[in-house]
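Chemist: I have a structure here, written as structure tokens, and I will follow up with some questions on it.
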Amino acid sequence: MDTKELLKKVRKIEIKTRRLSNHIFSGEYHTSFKGRGMTFSEVRQYQYGDDIRAIDWNVTARYNEAHVKVFEEERELTMMLMVDISGSSGFGTKNAFKEDIITEISATMAFSATQNNDKIGLILFSDQIELYIPPKKGKSHVLRIIRELIEFQPKSNKTDVAQALKFLSSTQKKKAIVFLISDFMSADYEHTLKIASKKHDITGIRVYDIREEKMPNLGVVPMLDAESGNVELINTGSKQVRMEYEKYYHEKVKYFKETFSKCGSGVVNTRVDESYVTKLLGYFKSR
């Protein structure tokens with residue numbers, strides 16, 4: 001992709017996702033993810049209904065009139081976007097690839113965090129850490145993140161969620177709001193999620209395609225495994241083959257839902273042909 005085309009694509013995503021974050025998500029995001037505590041703001045005259053525990057007795061004595069301390073939420077947070085860029089993210093059948101929706105969700109969340117003056121960091125992963133951008137504030141930083149999401153080429157096509165979570169735990173010492181975005185066709189990440197979720201507020205966003213749920217009966221067809229790169233002849237006409245595929249797929253989905261719930265982490269499931277806006281808003285409101 002040449003520079004002109006890349007900038008055009010970044011701009012297109014910025015316009016769409018920024019509008020969403022400005023008008024829809026920023027308020028919900030602010031309400032759902034609280035700051036680290038309360039910080040002193042000012043002292044003002046006591047008003048009817050104020051909490052008497054907030055009275056500043058020193059100032060009250062000085063002015064011979066009741067004054068209260070006002071506190072504000074200490075807002076600054078760190079958001080970490082952990083994005084699966086393995087081979088399977090390039091799959092799609094309903095006018096969009098999973099990777100396109102993943103990019104849009106990531107950009108929307110990043111602009112929502114920017115609205116709240118929070119820092120945003122990025123971890124791109126496959127079965128290894130492909131790219132790490134430390135948390136930072138600002139629009140130009142968000143645009144860099146979007147650019148990397150669009151054009152970064154992974155060294156590996158495989159997936160290992162556990163590796164990504166280990167890296168998160170080793171690099172982020174302070175609590176972060178974490179969105180882990182993947183199709184979660186991975187296994188054995190319960191232990192690392194349990195450790196990471198003790199420190200961080202983690203939400204797993206599973207992006208999937210309707211055609212992944214069931215294997216169609218198309219006879220004998222060559223199929224490419226996006227993660228291994230192998231092409232095999234598969235007899236999709238065999239009921240046994242179709243049943244084994246569905247069993248494998250649904251086991252992975254069940255593992256994702258149960259593991260995240262068990263570790264006290266949030267879960268969002270969104271199909272590429274559904275509105276991720278509706279899914280995310282529903283999730284924020286339910287928190």
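Chemist: Net charge near E65, counting Lys/Arg +1 and Asp/Glu -1 over other residues with Cβ under 14 Å of its Cβ? Intermediate results must be reported in sequence, preceding the final value.
Modeler: Values: positive: R44, R62; negative: D50, D56.
That sum, taken over residues with Cβ under 14 Å, equals 0.
Chemist: Using amide H atoms built in the peptide plane, which far-off residues or other-chain residues are under 5 Å from K158 H to H?
Modeler: Counting only residues 5 or more places away or on other chains, the set is G87, D127.
Chemist: Using 0.36 nm times the number of residues separating K214 and V70, minus their current alpha carbon distance, what extension gain do you get?
Modeler: Working: separation 144, 0.36 × 144 = 51.84 nm, distance 5.72 nm.
Once the chain is fully extended between K214 and V70, it gains 46.1 nm.
Chemist: Ok, one more. Just to be sure I follow the rule: in segment 113-178, considering lysines 8 or more places apart or on different chains, how many pairs have Cα atoms under 22 Å apart?
Modeler: 18
Chemist: Here's another thing I want to ask about it. Once phi is turned into ³J(HN,Hα) by the Karplus curve 6.51 cos²θ - 1.76 cosθ + 1.60 with θ = phi - 60°, what whole-Hz value does each residue of segment 272-284 show in order, with x for glycine and proline?
Modeler: These are the phi-based 3J(HN,Hα) values: 4, 9, 9, 7, 5, 4, 4, 5, 5, 4, x, 5, 4 Hz.
Chemist: Moving to a separate point now. Each residue of segment 258-268 in order: what ³J(HN,Hα) in whole Hz does its phi give by Karplus 6.51 cos²θ - 1.76 cosθ + 1.60, θ = phi - 60°, with x for Gly and Pro?
Modeler: 5, 5, 5, 5, 4, 8, x, 9, x, 9, 10
Chemist: Quick one: which residues, 5+ away or cross-chain, put their amide H under 5 Å from the amide H of V178? H built at 1.01 Å from N.
Modeler: M80, D201, I202, T203
Chemist: What list of ³J(HN,Hα) values in whole Hz, one per residue of segment 171-186 in order, does the Karplus curve 6.51 cos²θ - 1.76 cosθ + 1.60 (θ = phi - 60°) give from phi, with Gly and Pro shown as x?
Modeler: Each residue's phi maps through the Karplus curve to give 9, 9, 7, 9, 4, 10, 8, 10, 10, 9, 10, 6, 8, 6, 8, 9 Hz.
Chemist: H250 versus N58, label points 7 Å from Cα toward the beta carbon: distance in nm?
Modeler: For H250 paired with N58, the spin-label model returns 6.6 nm.
Chemist: In the neighborhood of K16, defined by Cβ-to-Cβ distances under 15 Å, what is the net charge if each Lys or Arg adds +1 and each Asp or Glu adds -1? Numbers along the way, then the final one.
Modeler: Numbers: positive: K8, K9, R11, K12, R18, R19; negative: E14, D100, E104.
Net charge in that neighbourhood comes out at +3.
Chemist: When the accessible area of the chain is split by element with a 1.4 Å probe, what percent falls to carbon and sulfur? All intermediate terms of the calculation are to be shown ahead of the outcome.
Modeler: On the way: 7720 of 15490 Å².
The computed percentage sits at 50.
Chemist: At 10 °C and a viscosity of 1.306 mPa s, what translational diffusion coefficient does Stokes-Einstein give for the chain, taking Rh as the Kirkwood radius over Cα pairs? Give it in µm²/s as a whole number.
Modeler: 76
Chemist: Averaged per residue, what accessible area in Å² does the chain show with a 1.4 Å probe, protein chains only? Working shown, then result.
Modeler: Details: 15490 Å² over 287 residues.
Result: 54 Å² per residue.
Chemist: Tell me which residues come under 5 Å, amide H to amide H, from K136 once H is placed; ignore anything under 5 positions away on its chain.
Modeler: Under 5 Å from the amide H of K136: I120, G121.
The values are calculated or read from the model by the stated rules, or taken from the named source; none is laboratory data. Predicted model only: the values in this text are computed from it and were never measured. All Cβ positions, even for glycine, are placed from backbone atoms using ideal geometry, and neighbour counts span all protein chains on display. Please note that ligands, DNA and RNA were not included when accessible areas were found on the heavy atoms of the full protein model with its side chains. Shrake-Rupley method; radii C 1.70, N 1.55, O 1.52, S 1.80 Å.
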